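Where a number appears in this text, it was derived from the coordinates with a stated rule and is not lab data. Predicted model only: the values in this text are computed from it and were never measured. Positions of Cβ are backbone-derived with ideal geometry, glycine not excepted, and every protein chain shown enters the neighbour counts.
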Amino acid sequence: MVVRLSRRRVLLSILALYSLLALFLSLLAVKPAFYGLSTVLGTMILGTTVLGTTMMLGTTVLSSALFGTTTIVIEAYADALTMGQMAMSLVAIGLLVFLELSDPSLERTRRSRAHVIAYRRLPPDPAVVRRSVKLGGRLSATRTTVETAQKTPALKELRSSWLPVTALLVLLFAIIVAFKIWAIVG
Amino acid sequence: MFLDFLALRKFPFDLALTSATLVAVSTLAYSVLYAVWGFTYELFFFSIIVFAVVGLLTLFLKGLRGSVVVRLLYVVAVLALFEEILLRSALAWYGFLLASVGLVFLPLVGAVLAGRGTDVRVVFEVCGLLFATRIVLSPLPTNLQGSAAFLPVVYTLIMCAIVMYLWFRRIPLDKIGLCQGVVSLPYQVVGGVAVGGVLGLVEHFILGPSPVEIGANVVINFLYLLVVMMVFVGLTEELLFRGLLQSYFGGLMSRWQAVHLSSLIFALFHIGWLNPMEVVFAYCAGVVFGYFFIKTGGLVAPVVAHGFGNVVLYMLALGL
């Protein structure tokens, strides 16, 4: 029996496969002394906590893990934790890009009903505007973006072309910074 | 059925002649120069330049003179050549700079030329992605490079970029070979393993590499090689060079010219081994993978051949 997956599922499956295998193989690369389920689980919990803290504080994983007995564990699992940080950065940047590309002017993806109504009506219903402001205030920008995109198709083309590339550059910049800090701390 | 898959009766002699010319001229030039001077970096770089120039010249003489777009593709190939050479020289920083230029400006060129069709735009954006694969490598620290996590990390990052691109650009997955293809899977796998085995033997003869060792455990070493080479290296590179590059080149030129040009760029991205014969070998392997891709309509056979070839190469090096 041949199962046909949707396009979205195929792409997500590839990403999931790569992420899981990369995580597994990086765990293989750590020192044998640190093998063991309890250590792995403990480190994962610790890592998650550290990642959460660092996301809140805006610092990096390794710079905040330099105290007590955590240091040696963090060093041993540095690859895995660094990859985790990379993945989280990627997800965060991906969400930002998604928000940008799902702008109604690009006619890309589903929006909430309030946004669709606001997009179709010119001028927008004041009630919709009020609701939209509650939702995050993106509506006022939407009008301007729609008009600009209609006047300049090249702008629309450029935005839809190089945004993913720009996101990649930002990601790479984040990696460079993370590794520089790792090098300094190490 | 299996003979149909090989389709020797319909073998593209035009492509074979072009490839043979390129391989013969490059090998001869390198052999003569090597006999006279012995191995030097200057000789290596000169041989690679000869290889790229002859490769592009054969394409030009075979009739691909065409439009602005095609000329720009020649420029992309030359950019890849110098970026790779600089990246492996004492002027690595300039190589990194060229890669950044390729990454940022090629998608912009695609956007400017978008009026000429979707294929044109995608071709330049994918060329930009090629350079992104080099920038991914640059910031990684040296202590990670010896680690078993290095290849998975690098290829996961590259695959993230590719998937993100496929997602936003809504590239049809059937077109880039992410489907079963027109030949049954067992035939594709058997064909891929057979050809990959031979390619691995030849590449081991050329390179004789010293591989990354995970530990003394033979099973873990083998599993690591299998997963890394088949999934990370095989799938990522084939998706990039055959799935995206060759497919969309095919919209701008004949499919055999597309095989030739994508294989040429694929070979240029193997300059890092610092062995001219490895570059020529990578070109030949690219032609074989491209031929598989056209004949099967999917990436299974190229991925299996590519991945298994690498597995054989490293298994021989490990003495497994």
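Scanning for something of a type in the set (Gly, Ala, Ser), outside any helix (DSSP H, G or I), in contact with a helix residue (DSSP H, G or I) (Cβ under 9 Å, 6 or more places away or on another chain) and over 25 Å from residue B:110 (Cβ atoms), does segment B:296-316 turn up at least one residue? Within segment B:296-316 (the criterion being of a type in the set (Gly, Ala, Ser), outside any helix (DSSP H, G or I), in contact with a helix residue (DSSP H, G or I) (Cβ under 9 Å, 6 or more places away or on another chain) and over 25 Å from residue B:110 (Cβ atoms)), the answer is yes, since at least one residue qualifies. Only one entry of B:173, B:113, B:103 meets the criterion of being in contact with a helix residue (DSSP H, G or I) (Cβ under 8 Å, 6 or more places away or on another chain), surrounded by fewer than 19 Cβ atoms within 10 Å (Cβ to Cβ) and facing another protein chain (nearest Cβ under 7 Å), and that entry is B:173. Only residues that are small (Gly, Ala, Ser), assigned to a loop (DSSP other than H, G, I, E, B) and closer than 20 Å to residue B:265 by Cα were counted across segment B:21-63, and they come to 1.
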